[in-house]
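The values are calculated or read from the model by the stated rules, or taken from the named source; none is laboratory data. All figures in this text were calculated on a predicted structure; none of them were measured in a lab. Cβ: placed from backbone, ideal geometry, glycine included. Neighbour counts: every protein chain shown. To get the accessible areas, we keep the full protein, side chains included, count just its heavy atoms, and leave off ligands, DNA and RNA. Shrake-Rupley method; radii C 1.70, N 1.55, O 1.52, S 1.80 Å.
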Amino acid sequence: MEQYQEVQRVRADKYVPTDLVTPLYCGMTNNILLGTAEEEEYVDRLLSNVRQAQPKKGKRIYWMHTIPFWSDAVKHELYFQENAQIVGCELSEVCEPDFDPERPYEAMAQRMVYHALNGSAFRRIETGIRHAKETKADGAVWFGHWGCKHTLGSAQLAKKKFEEAGIPLLILDGDGCDRSHGGEGQTATRLGAFLEMLNSGSV
């Protein structure tokens, strides 16, 4: 986890073109493979690649909640684009590496109890703000996936807190279960306008 945090710190000044699945992949491996030799090798390779990347370019977006990889509108704006990239996703930030690895049961309990997605919405929002700042994000997207009451219920609070911290936030609605409710036209309009505002410096 410390090595993954180093990846995010180094990445803050680098251009790393990305798709819409890789940030979620980091979340999967950080949960399922954490503690294995395979995960250690994966994170080591990430760090090596990021260190060799070009200097940063375009706008940097930190993503809260799942990424709608199925959305053509989101692909158009963020899929391997120089103008804007997703530089981090809250689902890949599993826990803070401040537990004692010599006490594995206590460590597992801490990871569960103090996970940013467990407990108060404030914990989740404050964690998101902190990680967004670590990646030097220009803005953030709060994806209101239909059915996730925790995400939908705290959206306006998140917008207020992110913007008080100097990070413009777009609340974007979508539905990964019934993609006919995704609102592609609205997604294209709102995400496009948000990125345009970031580029113009008017937010």
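Give just the number: which of (1) modelled with pLDDT of 95 or more; (2) assigned to a loop (DSSP other than H, G, I, E, B) does L34 not satisfy?
The failed condition is (1).
Output the residues belonging to the stretch 132-187 that are small (G, A, S), at pLDDT below 90 and open to solvent by less than 30 Å² (accessible area, probe 1.4 Å).
From the stretch 132-187, those small (G, A, S) are 132, 137, 139-140, 144, 147, 153-155, 158, 165-166, 174, 176, 180, 182-183, 185; that's our starting set.
Next cut, at pLDDT below 90 only: 144, 147, 153, 174, 176, 180, 182-183, 185.
Listed by number, the residues that qualify are G144, G174, G176, G182.
If I ask for residues that are in contact with a Ser or Thr (Cβ under 7 Å, 6 or more places away or on another chain) and either open to solvent by 80 Å² or more (accessible area, probe 1.4 Å) or more than 16 Å from G88 (Cα to Cα) (or both), which ones from the stretch 23-42 would you list?
E39, Y42
Between C95, C26, which is part of a loop (DSSP other than H, G, I, E, B) and in contact with a helix residue (DSSP H, G or I) (Cβ under 6 Å, 6 or more places away or on another chain)?
Numbers: C26 fails: part of a loop (DSSP other than H, G, I, E, B).
Just one listed residue meets the conditions, C95.
How many residues, within the stretch 62-81, are open to solvent by 10 Å² or more (accessible area, probe 1.4 Å), in a helix (DSSP H, G or I) and touching a strand residue (DSSP E or B) at 6+ places or on another chain (Cβ under 9 Å)?
Counting residues in the stretch 62-81 that are open to solvent by 10 Å² or more (accessible area, probe 1.4 Å), in a helix (DSSP H, G or I) and touching a strand residue (DSSP E or B) at 6+ places or on another chain (Cβ under 9 Å) gives 1.
Identify, please: which residue in the stretch 8-22 is open to solvent by 40 Å² or more (accessible area, probe 1.4 Å) and in a loop (DSSP other than H, G, I, E, B) and is, among those, modelled with the lowest pLDDT? Write out each step before concluding.
Kept after step one, since they are open to solvent by 40 Å² or more (accessible area, probe 1.4 Å), are these residues of the stretch 8-22: 9, 13-14, 17, 21-22.
With the extra rule that they be in a loop (DSSP other than H, G, I, E, B), the set shrinks to 13, 17, 21.
Values: D13: 95, P17: 90, V21: 93.
So, considering only residues that are open to solvent by 40 Å² or more (accessible area, probe 1.4 Å) and in a loop (DSSP other than H, G, I, E, B), the one modelled with the lowest pLDDT is P17.
Over 19 Å from E77 (Cα atoms), outside any loop (DSSP other than H, G, I, E, B), acidic (D, E) and in contact (Cβ under 8 Å) with a residue 24 or more places away in the chain: which single residue out of E106, E126, E163 fits that description? Show your work before the answer.
On the way: E106 fails: in contact (Cβ under 8 Å) with a residue 24 or more places away in the chain; E163 fails: in contact (Cβ under 8 Å) with a residue 24 or more places away in the chain.
Criteria check complete, one pass: E126.
Scan the stretch 99-131 for residues that are surrounded by fewer than 16 Cβ atoms within 10 Å (Cβ to Cβ) and aromatic (F, W, Y) and jot them down.
Hits for the stretch 99-131 are Y105, Y114, F122.
Given the condition in contact with a strand residue (DSSP E or B) (Cβ under 7 Å, 6 or more places away or on another chain), part of a helix (DSSP H, G or I), under 30 Å from D173 (Cβ atoms) and open to solvent by 30 Å² or more (accessible area, probe 1.4 Å), answer yes or no: does some residue in the stretch 43-60 qualify?
Taking the stretch 43-60 and keeping what is in contact with a strand residue (DSSP E or B) (Cβ under 7 Å, 6 or more places away or on another chain), we get 50, 53-60.
Subset that is part of a helix (DSSP H, G or I): 50.
Filter again for under 30 Å from D173 (Cβ atoms), leaving none.
For the stretch 43-60, residues in contact with a strand residue (DSSP E or B) (Cβ under 7 Å, 6 or more places away or on another chain), part of a helix (DSSP H, G or I), under 30 Å from D173 (Cβ atoms) and open to solvent by 30 Å² or more (accessible area, probe 1.4 Å): absent.
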